[in-house]
Each structure stands twice: as C-alpha cells, then as structure tokens.
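Report on one structure; see the data block that follows.
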Amino acid sequence: MSTSMNSTLHIIGEEISPGEKKELRLKISEFYTSNPVYIPVIALHGEQEGPVVFVTAAIHGDEINGIEIVRQLTARIKPSELSGTLLCIPIVNIFGFYTMTRNTPDRRNLNNSFPGINKGSPASRIAYIIFEEIIKRCDFGIDIHTPRENRYEIPHINADLNNRDVHRLARAFGTTIIINTPGPKKSLQHAANKEDIPTIVFSGGEVLRFDKKITESGVNGLMNVLSSLEMVDIERKEPSFSIIVKKNRSVQTTQGGILYVHVQAGDLVYEGELLAKVANPFGEEIETIVAPQNGLIISHSTNPLVNPGNEVCSYVMLDRSLEIAEKALKNR
Ligand SMILES: [Zn+2]
C-alpha cells in the first residue's frame, strides 16, 4: 500500500480533499423542458495516493444491477483507508433509466457512442461529456451490464485478454467464466482501452431486477480488483475454478410456440442432454432441443413465447476444462 498522502482532487467544478467522499452531479444534457439533466457521480478520494478507477453502470438504462453494486461498494469502502480514487457512475444512461428502457431518446445505443463527439448526436454528446470529464481522468475501469431483456445470465467478465493490464484486472475480478473479447467498436470498454485505460466489463443477472447473487459477485469482484491494485487492504476471494473462452454459443428454436427451458444458467450440460421443449398452444410437444456439445450454460431465456430463431440459451464449450468444472461444481 502507498504511504504518500493524496492531493486535493478537482473534478466537475468541485474540490475534494484526501479522505473525503462526495456526491457530485454531472450535467450531461437538457430536457425538452429546457431543464438540465444530471447524472450522479460518487467520488471516494482516498487519503493515500494510488490509481484512479471508474465504475460505470446502466449505460443501458434498464440494466440496473450496477446501481445496487455501486451502493454496496461505496458503503463498504472508507476513503480514510483507500489508496487512490474511485469514481462511480451508478446511472450513466439516465434518460433510459427514467423510462426503464435500454437506449437514449434519439433511440441510440449509448454503448455504441464512445468516445463521443462534442457536436454529435444527443447520445454522442452525452458519451463525450462522460468520457472527457470522468473516464479520461482514470487509470483503470469496470463497466457493469446485464444481458438484454428476456434473458438471465450468470456473472462473468468480458475482457480483451490480449492487453496485459486488462488480463490482470479480469483475472483479479475472479468470476468462473472470462470471455476474451475486445467488445463492440465504440463501446465504453473499447474506447477506454484504446485510450490506454485498461477496462473490463462485468455482466450478469437480468434487466430491471436486483439479484442477490449477482450483486454479491459484483461487489466481491470489484473489491478483488481494488485489492489487486493495492487500493484496499482485504483478503481476496478466488473462484473455485476459472475458465477463459473465446465466445459463447447460442442455441435457438426452430419452431414458434411456448418454450419450456429445462436448464439454468450455471448448469453443466452434456452433449445430447435436454435443454428445452417447445409446445404448440394445444399443449403438443413440437420441438425438443438438446445440447449440441458439452458446455456450461451462461444464459437462458426468461420469455416462454418464441418464434423460430429465438435464443433458448447460450453456453460456453468445455472440452479440456470439462473435468475441472465437474470437480469444482460437485464440491460446491
Ligand atoms: Zn448493457
């Protein structure tokens, strides 16, 4: 841990002393009522020197899991015992949050708008202000998501493991599954990494819900990362096993009907094992869907109403790591 005293932080027109926690408001846009639109920023400025880390959530306005993760994280950390600075934005896409929807009022994906343009579209301007005012001041970052609507997902990390510092963060977070991906172009993850700010994405749970397991996994993971950066002094909790995969694979319906999913996110499945059935409105079974390979279920549909082509579940293939996963899951 660092022993040198931190200096005063100047951010969004405010001064924050070492060892101080402050709630800030960053103006990111204006309503059509001409009223200003602010997003909340929670700054924890450590007494000792250290890295500056951002935690962002709800870039998609209905992915609210990060609000609770940030609340618990910022309640747990005392700035007097922190080395470095934590800048948390629990609700990035406040417009989407107001309407409980994913995108911005101009129907853009805010996570497809970074680093943003000063004189661009409404979404691009919001991205620009956040990137300039908060993200660029940071040394590392974690962006929190859930899957899109109608899906439940186990907690996992998406990270560009070709970047050594990103790899270190991803490993330190400590989820069972790490998906090696640079993220979509113009996502916050991609833009921050391009700016030399190693950033990972934590994803899990479902839209418009708090989930105890996901919250716990998120808070523990963030504490693990801060500990690996020597910003907090805690004992790290490691997962019983950890698998790095290139991508998750999707299993889809071929018939329209009522979907009955027989597996849960986190389940280990074997080639040929029953995943789901589709029935018609008369109750007759019209499709049986089985696992195409041995794998671990990452996410499953929460909506029983399907057309041909809807995703039933997604999984990661396990071949060499199958035995490790079997052993770890049995001992749980
Ligand atoms: Zn998202």
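Observations on the model:
- Yes/no for S7 being on the phi < 0 side of the Ramachandran plot and either touching a strand residue (DSSP E or B) at 6+ places or on another chain (Cβ under 7 Å) or modelled with pLDDT under 95 (or both): no
- Of the strands (runs of 3 or more DSSP E) lying entirely inside the stretch 89-189, the ones with 2 or more residues being under 21 Å from K246 (Cα atoms) and away from the ligand (no atom under 13 Å from the Cβ) are found at 151-159, 177-180.
- Restricting I258, I234, I243 to residues that are among the β-branched types (V, I, T) and within 24 Å of I324 (Cα to Cα) narrows the list to I243.
- Taking each residue of the stretch 111-124 that is surrounded by fewer than 22 Cβ atoms within 10 Å (Cβ to Cβ) and looking for partners that are at pLDDT below 95 with beta-carbon atoms closer than 7 Å, six or more apart or interchain, yields S121/D106; S121/R108; P122/T104; P122/P105; P122/D106.
- If you go through the stretch 67-110 and keep only what is buried (at least 21 other Cβ atoms within 10 Å of the Cβ) and at positive phi, you end up with just G84.
- Unmet criterion (only one of (1) over 20 Å from I135 (Cβ atoms); (2) more than 16 Å from the ligand (Cβ to nearest atom)) for G204: (2)
- So R151, is it free of Cβ contacts under 8 Å to residues at least 24 places away in the same chain and either surrounded by fewer than 24 Cβ atoms within 10 Å (Cβ to Cβ) or among the aromatic types (F, W, Y) (or both): no
- I64 among the hydrophobic types (A, V, I, L, M, F, W, C), within 15 Å of the ligand (Cβ to nearest atom), farther than 24 Å from P198 by Cβ and in contact (Cβ under 8 Å) with a residue 40 or more places away in the chain: yes
The values are calculated or read from the model by the stated rules, or taken from the named source; none is laboratory data. If you're wondering where the values come from, they're calculated on a predicted model, not measured in any experiment. Because the Cβ atoms are built from the backbone with ideal geometry, glycine has one as well, and the counts that use them run over all protein chains shown.
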